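A short write-up of the structure that comes next.
The values are calculated or read from the model by the stated rules, or taken from the named source; none is laboratory data. Keep in mind that what you see is a predicted model, and the values were worked out from it rather than measured. In this analysis, Cβ positions are derived from the backbone assuming ideal geometry, glycine residues included, and neighbour counts consider all displayed protein chains.
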Amino acid sequence: MTRGSSHCGAAPAATSRTGSTHPRGDLRQRIDLATGLRVPVCPDGVPPHVPDVTRPGTDWTWDVAVPWWRDASAAVGKLSRRTRHVRIVNTLTQDVTVLEVCAEEPVTAIVGRYLQYNKHAKGYVWKYLGRVLDMAGTLEQNGIPDEADEMDKVGMNEHEWMVSLFLYFSDDLTVA
């Protein structure tokens, strides 16, 4: 996930090219010059529940009780309020892996995603600045601030200044 991605879809109080606002988060709209119809703005292609405006006809309708962008059953995940990159350093093998993590994500979830790089990640002690991390807490709750805004102010790329988490092998045979 990126910090500010935007796709064709809901945008609370978004203003369309026609000047109308959509306080409920509907799709932005414009007037199609060829047909004179009000059509959704979809730069990435026509999503589900949006009529194909390239072929209007008498059967053209947009009668959907709940459009996909308001349908909770169509949700495939949650949008993070913010993401950040972390460098994970395995002190045993000296392998370095960079993961993009969500601000709301506990360290256990980060470990879960790191398992694809190291199947024994649960058998390591995870530390930051020499302190053992609380696996149930987020990075912020573990005293690891997100300094991206400060780094942006001084013109540093987030890949130049990235938090490093260090993994120390624990000879714990109970974790496989």
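Look at the stretch 97-126: where a residue is assigned by TED's automatic domain parsing to the domain that holds residue 163 and a partner is among the acidic types (Asp, Glu), sitting 6+ places away or on another chain with Cβ atoms under 8 Å, you get 103/140; 103/146; 107/134; 117/95; 118/95; 123/172.
Among residues of the stretch 62-84 that are of a type in the set (A, V, I, L, M), those with a beta-carbon under 6 Å from a residue that is modelled with pLDDT under 80 at least six positions away or on a different chain give the pairs 64/49; 74/68.
Working only within the stretch 95-125, note down all residues that are under 16 Å from residue 162 (Cβ atoms), crowded, with 18+ Cβ neighbours inside 10 Å and touching a helix residue (DSSP H, G or I) at 6+ places or on another chain (Cβ under 7 Å). Passing the criteria: 101, 114. A Cβ distance below 7 Å, combined with a sequence gap of six or more or placement on separate chains, defines the contacts here; from the stretch 143-171, residues that are assigned by TED's automatic domain parsing to the domain that holds residue 97 and free of Cβ contacts under 8 Å to residues at least 12 places away in the same chain reach residues that are of a type in the set (Asp, Glu) and surrounded by 15 or more Cβ atoms within 10 Å (Cβ to Cβ) in the pairs 151/158.
Taking the conditions exactly as written (modelled with pLDDT of 75 or more and over 19 Å from the mean Cα position of the chain (by Cα)), does residue 37 satisfy them or not? Taking the combined requirement at face value, the residue satisfies it.
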